[in-house]
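Working notes for the structure below.
Quick note: the coordinates plus some simple rules give every number you see, no bench work behind them. Since this is a predicted model, take the numbers as computed values, not measurements. Using ideal geometry, Cβ is built from the backbone for each residue, glycine included, and neighbour counts are taken over all protein chains shown.
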Amino acid sequence: MIRALMIAALCALPLPALAHKVIASVFPSGSAIEGEVGFSNGAMAVGQEVQVFGPDGALLGRVLTDDDGFFLFTPTEPVAHRFRADLGAGHVANVTMEAAEVARILGTTPAAPAGDGTPAGDTGPTGAPASAAGFSAAQQAEIAQMLRDELRPLRREIAAYRERNDLQSILGGIGYIVGLFGLGFYLAARRRLKD
Amino acid sequence: MHIVDGALSNPVVIGGALFAVAGIARGLRSLELERIPVAGVLSASFFVASLIHVPIGPSSVHLILNGLAGLMLGWAAFPALFVGLLLQAVFFGFGGLTVLGVNTLNIALPAVLAWLLFGRLMARGSPLQGALWAGLGGATAIAGTTVMVALSLALTGDEFLTAAKLILVAHVPIMVIEALLTGFAVLLARKVKPELFDAAKGIRT
C-alpha cells in the first residue's frame, strides 16, 4: 500500500522544467544599449536595478528594467560597458558590450541625419545605406524601432531555446555519473583484491 | 540555490574550494566499496532533481535532494554531490566551474550535518519512525543550505539577514516537499533494503 503510494507520489512529480539560470543580453538599439535580464524559465526581472561599469570598474550609471525585463542605457564614452544585475540569492548576471560596439553606437548618433547610419547596428552593410537614403531620420528611427519590436520575441525565444535541457544532456550526465562511479568501483575492487 | 560565477568575492571562492576539497577527501576515505553504487545512484538523483521545478508565486524553486544523499552516505555525500554539481555546471550551466567549491560546500555540508544529527535516529526504531526522522533531516539539510548560501553572499558583502530570510522563505515549500520525499524514500528503503542502514547505525569515523 505504502509502496503503491510512493510510486504514485513519484509519478505525480512535476515534469522536468527549465532551469533556474540567469540570462542576460545586451544589444545596440539606436543610440542606446538595450538589454534584458531574466531567468531562463521565462520570468523576467521587473524593476531590477542594473549597474553599468566601465572597463576600469568605475560605475557609469544605473538603470531599472521595465515590466518586461528590458532596460535602456545611453552610453557617453566609447569604452567597454559591463552590465551587472544582482537578482538576489546568488543570481548575478554579467554581460559586457565591447568597446568597438559601443563606439559604433556613439558614432551613429551624430551621423544619423547624414543618412549613413545603420541604427540596428548589425544589419548588412550592403543595401542598408542605399535604402535608408530615401528615409528621413525620424522614419529611420521608426523603422529601427519596429524592427526591434519584431525581433524581441524572437530573440527571447532563441535565448530560451539555448537554455533548454534536452533529454540527451540529461541522459549524458547520468551516463557520466554511472561511468565515474563504475570507475571508482573498479579501482576500489582492485585495491581490495590486491590486499 | 546554485551560486553563479562572479557573484562571490575571490576569498570566498578560494576558501570554499579548500573546504570542499577537504570534505571530498574525507568523503572518499569513508566511502566503502559496498556503498559506491549507492553513492552513484544518489549522485544521479541529485543531478536530475535540480531539473524538477516547483512553481511558487512568480518564481520557482527546484528540488535539491541533498538531505537524502547526506542521510544515506554520510561524509561520502561530499564526492557524490560534487560529481552531481560538476555535471550540472557542465551540462546545464547551473552555477559555474569557479564557484564549484563553494556550491559543493553549501550543499554537502548541511547534508553531512543532517546525517550527524538524524542518521542514527533514522536507522533505529520502526521504519515509520525512521522515515519521520529522515524527513526532518531532509528539511534540515535544505534549511542549512539556505543559511550557507546566505552566508556566502554575506561574506561577499550582501546583508546577511535579508538575504538569508529571502532565501529561506523561498525554500520553505521545498523543505516540505523534500521532507516528504526523503521520508518516503527512507521508508521504502527501510522496508525493502534494511541492510542499507547498517552502516548508519553506528556513526562511522
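Using θ = phi - 60° in the Karplus curve 6.51 cos²θ - 1.76 cosθ + 1.60, the 3J(HN,Hα) couplings for segment B:122-128 round to 5, 7, 9, x, 6, x, 5 Hz; x is entered for Gly and Pro.
Using only the C-alpha atoms, the convex hull of segment B:1-147 corresponds to 112 Å³ per residue. Protection proxy ranking of B:179-185, B:47-53, by the mean of other Cβ atoms within 10 Å over each peptide's residues and highest first, is B:179-185, B:47-53. Mean residue ellipticity, 222 nm, helices only, chain B: the sum of -39500 (n - 2.57) across DSSP H runs of n ≥ 4, divided by residue count and rounded to 500, is -23500 deg cm²/dmol.
Each 10 Å bin from zero holds the following percent of Cα-Cα pairs in segment B:79-205: 14, 35, 34, 15, 2. Distances between placed amide hydrogens fall under 5 Å for A:G69 paired with A:G47, all partners being 5 or more residues away or on another chain. Residue-wise HN-Hα couplings along segment B:104-117, as the Karplus relation 6.51 cos²θ - 1.76 cosθ + 1.60 with θ = phi - 60° gives them from phi, are 4, 4, 4, 9, 7, 5, x, 5, 5, 4, 4, 5, 4, 7 Hz; Gly and Pro carry x. Backbone geometry of segment B:187-196 corresponds, through the Karplus equation with coefficients 6.51, -1.76 and 1.60 at θ = phi - 60°, to 3J(HN,Hα) couplings of 4, 4, 5, 4, 7, 9, 9, x, 5, 4 Hz, x marking Gly and Pro.
Backbone amide hydrogens, once placed in the peptide plane, bring A:L60 within less than 5 Å of A:V52, A:F53, A:G54, excluding anything fewer than 5 places away on its chain. Taking amide H positions as modeled 1.01 Å from N, with prolines and chain starts lacking one, the residues under 5 Å from B:V4 and 5 or more places away or on another chain are A:V92.
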